[in-house]
């Protein structure tokens with residue numbers, strides 16, 4: 001059996017279960033083995049109720065006292081169960097599990113395992129798992145992998161399939177030279193695979209993860225370094241000079257550019273006027289004013305008789321960029337003729353847009369990835385401005401070059417506060433500019449970090465803001481029930497919120513597994529104030545600009561990196577009204593609350609990310625991700641900064657010795673990373 005073998009060849013997987021695996025993009029044995037655990041469960045012996053601390057996931061062995069109480073609020077069934085042991089009592093709450101009223105007998109003893117939360121002076125456990133005492137004892141002491149799931153697929157089914165695949169698949173051949181293995185203290189490729197899925201100890205899991213993260217970074221940087229020579233010294237096919245258009249625009253703006261914006265605008269002008277093609281990254285915090293600088297560059301491009309393109313990650317954001325530019329044109333008479341191009345347009349609308357673009361009638365095209373589709377032909381495309389999610393590399397640049405007479409300038413915008421030392425490694429093919437100050441007229445966001453007992457007050461506060469005509473975001477880390485039982489999930493949470501708030505408050509939910517059309521429809525409705533509260537995963541992190549949204553509430557805030565939380569709160573505070581951010585932590589341990597409290601004292605994304613790294617321990621390997629901008633399965637550029645630096649040094653040394661990887665000892669390495677799509681999504685290169 002090889003990695004390319006279909007999973008349907010595995011024992012116990014038929015067409016029905018194969019379709020469920022397909023929902024997780026698992027079609028082959030290789031896909032299955034690369035479906036790494038997202039966390040691990042350690043089953044410790046049950047603790048007395050009195051010793052169960054809020055924030056801990058633990059088991060208690062207690063007796064059900066009284067008949068479970070069930071109530072229904074709209075579509076939500078809530079079942080409350082009281083349990084006690086010799087040390088104390090607590091309440092358990094189950095959602096949409098009415099059958100437990102018959103299963104949990106008064107006077108019966110059970111083991112309940114879940115996250116302990118506080119409600120005033122009382123302790124509660126929501127949606128715990130239920131075991132018989134003997135069954136639970138059999139699992140004690142094991143490190144059990146937990147996988148991302150979809151409805152109908154159990155964690156046990158994935159474990160069973162992975163075990164079978166590991167047993168039947170050919171042994172993974174080692175591809176690094178011994179010197180790399182030794183210098184960076186890496187376990188073998190085969191050990192890494194086995195010990196990440198089924199580690200016997202925490203140390204085994206850490207070593208396995210380190211090896212696989214090193215692989216991801218190494219493969220990414222190897223391609224980046226090999227492509228760098230192809231992108232660095234391209235000549236400027238579209239030289240430009242500054243005209244009165246940009247000078248007049250700056251004079252008319254009601255606010256002056258910040259010092260940082262002026263510095264970056266100077267760097268962009270230098271690039272556009274220089275002898276080499278621009279290939280630049282602008283890093284800047286949410287709200288730092290990257291967009292206005294990019295509009296200046298696009299205006300300079302149009303004033304020199306060329307065409308520009310502005311690409312956004314979502315249709316809603318593209319439409320908002322289009323409206324912003326249209327507003328500038330109306331107010332300041334800019335010499336821009338923009339056109340919107342997105343996937344949801346009708347065939348006739350697209351044909352009309354293609355005609356205008358090809359004829360040069362539109363000197364600015366604003367859209368999503370539809371901008372670089374084969375049917376789009378530009379007359380003189382000279383500048384492409386893109387969000388980090390659509391980061392351009394050699395392949396996309398070649399595709400764009402085919403649409404015109406030469407290579408267009410590329411400007412990438414990023415709100416991810418990656419420290420400069422790491423940015424130089426990750427963006428080795430780009431020159432880096434930083435906008436490191438916010439406009440002076442911004443009202444600072446008011447923050448609070450609280451435990452779950454604050455939730456009813458938070459709901460009341462959100463209701464008050466909605467009654468005043470504002471909107472709110474609620475962010476949850478998960479999508480579907482069963483993925484990680486002790487985390488809030490979007491679909492179920494929206495139901496809870498509907499049950500807790502008055503029926504006239506309009507609530508919608510959004511998550512990454514929805515179709516692009518559904519996501520656009522929901523975000524568009526929120527931006528037009530057709531909904532009041534949007535319950536979402538982090539897909540809105542780079543999403544929409546809704547100045548009317550004044551509240552950002554984040555559930556399970558401890559599961560996010562601080563840099564990511566900082567980017568999420570950047571979705572509010574975009575209008576004139578005071579905005580608020582509520583971070584709810586289910587873990588009340590002192591160190592967790594102190595880490596989150598950093599957000600109360602700083603609005604500097606770079607500083608926040610750096611402090612977070614100092615506070616995080618070696619155990620924080622799963623569940624907390626800082627950066628979603630690179631398509632790594634395991635690696636995180638913050639958490640794994642040391643591994644990233646090691647992989648970069650290894651790649652640079654290897655290419656210095658053997659640029660084409662043609663030496664016999666590098667044959668395995670070349671072969672492996674030529675087909676390493678299983679480690680990292682190289683489509684962004």
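When the range 422-436 is examined, which residues are found to be modelled with pLDDT of 75 or more and in contact with a helix residue (DSSP H, G or I) (Cβ under 8 Å, 6 or more places away or on another chain)?
422, 425, 426, 431, 432, 433, 434, 435, 436
Quick test of your reading of the structure: residue 540 fulfils all but one of (1) modelled with pLDDT of 85 or more; (2) under 30 Å from residue 417 (Cβ atoms). Name the failing condition by number.
In the conditions (1) modelled with pLDDT of 85 or more; (2) under 30 Å from residue 417 (Cβ atoms), residue 540 misses (1) alone.
For residues that are in contact with a helix residue (DSSP H, G or I) (Cβ under 8 Å, 6 or more places away or on another chain) and either free of Cβ contacts under 8 Å to residues at least 60 places away in the same chain or not in a helix (DSSP H, G or I) (or both), tally how many sit in the range 559-571.
4
Residues checked against (1) touching a residue at least 40 places away in the same chain (Cβ under 8 Å); (2) more than 32 Å from the chain's Cα centre (by Cα):
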position	(1), (2)
66	yes, yes
79	no, yes
82	no, yes
90	yes, yes
100	no, yes
124	no, no
164	yes, no
167	no, yes
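From the residues in the range 506-516 that are in a loop (DSSP other than H, G, I, E, B) and closer than 26 Å to residue 23 by Cα, which one is modelled with the highest pLDDT?
Filtering the range 506-516 for residues that are in a loop (DSSP other than H, G, I, E, B) and closer than 26 Å to residue 23 by Cα, the one modelled with the highest pLDDT comes out as 511.
Quick one: which helices (runs of 4 or more DSSP H) sit completely within the range 572-685 and have at least 1 residues that are assigned by TED's automatic domain parsing to the domain that holds residue 540, at pLDDT 80 or above and within 25 Å of residue 550 (Cα to Cα)?
Because the criterion is at least 1 residues that are assigned by TED's automatic domain parsing to the domain that holds residue 540, at pLDDT 80 or above and within 25 Å of residue 550 (Cα to Cα), the helices (runs of 4 or more DSSP H) in the range 572-685 that meet it are 590-601.
State all residues of the range 298-326 that are part of a helix (DSSP H, G or I) and closer than 20 Å to residue 375 by Cα; if no residue qualifies, say none.
If the condition is that a residue be part of a helix (DSSP H, G or I) and closer than 20 Å to residue 375 by Cα, then 315, 318 are the ones that fit.
Can you tell which of 272, 257 is surrounded by 20 or more Cβ atoms within 10 Å (Cβ to Cβ) and either modelled with pLDDT of 90 or more or in a loop (DSSP other than H, G, I, E, B) (or both)?
Every option except 272 fails the conditions.
Here's the yes/no breakdown for (1) at pLDDT 95 or above; (2) in contact with a helix residue (DSSP H, G or I) (Cβ under 8 Å, 6 or more places away or on another chain); (3) more than 21 Å from residue 516 (Cα to Cα); (4) not in a helix (DSSP H, G or I):
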site	(1), (2), (3), (4)
328	no, yes, yes, no
335	no, yes, yes, yes
345	no, yes, no, yes
358	no, no, yes, no
371	no, no, no, no
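Hey, among 74, 105, 137, which residue is over 30 Å from residue 503 (Cα atoms) and either in contact with a strand residue (DSSP E or B) (Cβ under 8 Å, 6 or more places away or on another chain) or exposed (fewer than 14 other Cβ atoms within 10 Å of the Cβ) (or both)?
None of the others qualify; the one that does is 105.
Are any residues in the range 279-289 outside any strand (DSSP E or B) and surrounded by 23 or more Cβ atoms within 10 Å (Cβ to Cβ), and if so, which ones?
Correct list: 285, 288.
Among the residues in the range 385-392, are any closer than 27 Å to residue 281 by Cα, out of contact with any strand residue (DSSP E or B) (no Cβ under 8 Å at 6 or more places or on another chain), assigned to a loop (DSSP other than H, G, I, E, B) and at pLDDT below 90?
no
For residue 359, state whether it is without any contact (Cβ under 8 Å) to a residue 12 or more places away in the chain and under 23 Å from residue 305 (Cα atoms).
So residue 359 does not fit the description; no.
Is it the case, given these coordinates, that residue 503 is part of a helix (DSSP H, G or I) and at pLDDT 90 or above?
Spelling it out, it is not the case that residue 503 is part of a helix (DSSP H, G or I) and at pLDDT 90 or above.
Name every residue in the range 61-87 that is in contact with a helix residue (DSSP H, G or I) (Cβ under 7 Å, 6 or more places away or on another chain) and on the phi > 0 side of the Ramachandran plot, in order of residue number.
Selection gives 74 alone.
The values are calculated or read from the model by the stated rules, or taken from the named source; none is laboratory data. Remember, it's a predicted structure, so these values are computed and weren't measured experimentally. Reconstructed Cβ throughout: ideal geometry from the backbone, glycine too, with neighbour counts over all protein chains shown.
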